[in-house]
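Here the structure is laid out as structure tokens; the discussion comes afterwards.
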Amino acid sequence: MQQITSTHRGRQQLLDHLAGLGIDAPVVPYPEHTSVEEGKQLRGDMTGTFTKNLLLKDKKGRLFFVTAFEDTDIDLKTLHTRIGAQGRLGFASPDLMLEYLHVGPGTLTPLALINDTTGAITLVIDPALRDVEQVNFHPMVHEESVGLTPAQFSAFIASINREPVIVALD
């Protein structure tokens, strides 16, 4: 599978991949922002659920991509015990984000897992995201949002040969 970068070209490659899966997902402008709180104020009444996305690393260097509702309080002190990590989790560096996912801080999206062709990153999803009408992610750029149904998100995950860890994160 071809790796995709966090550029507008990468955005189009991702959207083409989704279209190849039969997914016609709406893409809407999303104001640039530096925090979840700022994003909430700027997006107004955009449709769908928004997420918090974290790239974490355990003591053995294993990487975990965690996605949950944007307001979920994720306890990093105990999360490792629920997702199979070795020792406490910390934030992965922006360099690792670029190396494996080809995106940087502010653009982190589970859709970037398409670039982790070695399968080095374990995807962790809060099961509450399966109970929403639409979940929104950045499409490899941070000034837009793409809306997927939970079924479409699952189809995307399957298309990149992932078996996510499903665990309640709150």
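The values are calculated or read from the model by the stated rules, or taken from the named source; none is laboratory data. Computed from a predicted structure; not experimentally measured. Backbone-built Cβ (ideal geometry, glycine too); neighbour counts: all protein chains shown.
Run down D95, D24, D45, D75 and say which single residue is among the acidic types (D, E), within 15 Å of D126 (Cα to Cα) and free of Cβ contacts under 8 Å to residues at least 24 places away in the same chain.
D75
Given the structure, is K40 surrounded by 13 or more Cβ atoms within 10 Å (Cβ to Cβ), over 27 Å from E99 (Cβ atoms) and among the charged types (D, E, K, R)?
In short, yes.
Residues checked against (1) among the charged types (D, E, K, R); (2) over 23 Å from I160 (Cβ atoms); (3) in a loop (DSSP other than H, G, I, E, B):
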{"residue": "E38", "(1), (2), (3)": "yes, yes, no"}
{"residue": "K52", "(1), (2), (3)": "yes, no, no"}
{"residue": "K59", "(1), (2), (3)": "yes, yes, yes"}
{"residue": "D71", "(1), (2), (3)": "yes, yes, yes"}
{"residue": "K77", "(1), (2), (3)": "yes, yes, yes"}
{"residue": "R88", "(1), (2), (3)": "yes, yes, yes"}
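Among the residues of region 124-146, write down those that are buried (at least 21 other Cβ atoms within 10 Å of the Cβ) and in a strand (DSSP E or B).
Listed by number, the residues that qualify are V124, I125, V135, N136, F137, S145, V146.
Being touching a strand residue (DSSP E or B) at 6+ places or on another chain (Cβ under 8 Å), of a type outside the set (S, T, Y) and surrounded by fewer than 24 Cβ atoms within 10 Å (Cβ to Cβ) is the filter here; which residues of region 91-107 pass it?
F91, A92, L96, M97
L42 - would you say it is more than 18 Å from G119 (Cβ to Cβ), assigned to a helix (DSSP H, G or I) and modelled with pLDDT of 95 or more?
Taking the combined requirement at face value, the residue does not satisfy it.
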